[in-house]
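For reference, the structure discussed in these notes is given below.
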Amino acid sequence: MLETEDLLESKGVNYTSIRPIYIYDPLNYNPVEEWFFHRLKAGRLIPIPNSGLQVTQLGHVKVSKSVKLIIILFDFKSQTS
């Protein structure tokens, strides 16, 4: 857990933690994700280091934005009911 989450839990605060690893869209400034997509499209292998058990998540910026908005609206609705 992050220090912030530890603090919130110690104070009894309800919270939602959103930690997308790689957010991508057509205007990415970082070519890391693009490298994977080009290899996939070309049918090339993607090297996986070590045991191969690492998990990474890619998320499009529109999905990330929508999820955050849903969480905010749900929290607002639950507090005003």
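Taken together, the values in this text are just the output of simple stated rules run on the coordinates, not laboratory data. Computed from a predicted model, the values in this text were never measured in an experiment. Please note: Cβ atoms are built from the backbone with ideal geometry, for glycine as well, and neighbour counts cover all protein chains shown.
Judged by the mean number of other Cβ atoms found within 10 Å, the most tightly packed of the peptides 22-35, 41-54 leads the ranking 22-35, 41-54. Only Lys, Arg, Asp and Glu carry charge here, each on its Cβ (+1 for the first two, -1 for the last two); on that basis the range 35-81 has a dipole of about 240 debye about its Cα centre.
Ellipticity at 222 nm from helices only: DSSP H runs of n ≥ 4 in the chain, each -39500 (n - 2.57), divided by the residue count, give -15000 deg cm²/dmol. With neighbours defined as other Cβ atoms within 10 Å of a residue's Cβ, the residues Phe36, Phe74 order from fewest to most as Phe74, Phe36. Dipole size of the chain about its Cα centre, with +1 on Lys/Arg Cβ and -1 on Asp/Glu Cβ: approximately 400 debye, rounded to the nearest 20.
Proximity of backbone amide H atoms, modeled 1.01 Å from N, is registered between Leu58 and no other residue at under 5 Å, excluding neighbours fewer than 5 places apart on the same chain.
At full extension, Val67 and Ile18 could sit 16.7 nm farther apart than now, given 0.36 nm per residue minus the alpha carbon distance.
Sorting Val55, Val13 from the fewest to the most surrounding beta carbons within 10 angstrom yields Val55, Val13. From the coordinates of this entry, log10 I(q)/I(0) by the Debye sum over Cα atoms at q = 0.12, 0.19, 0.21 Å⁻¹ is computed, and it appears in (1) -0.58, -1.01, -1.09; (2) -0.50, -0.84, -0.93; (3) -0.36, -0.79, -0.92 under the label (1).
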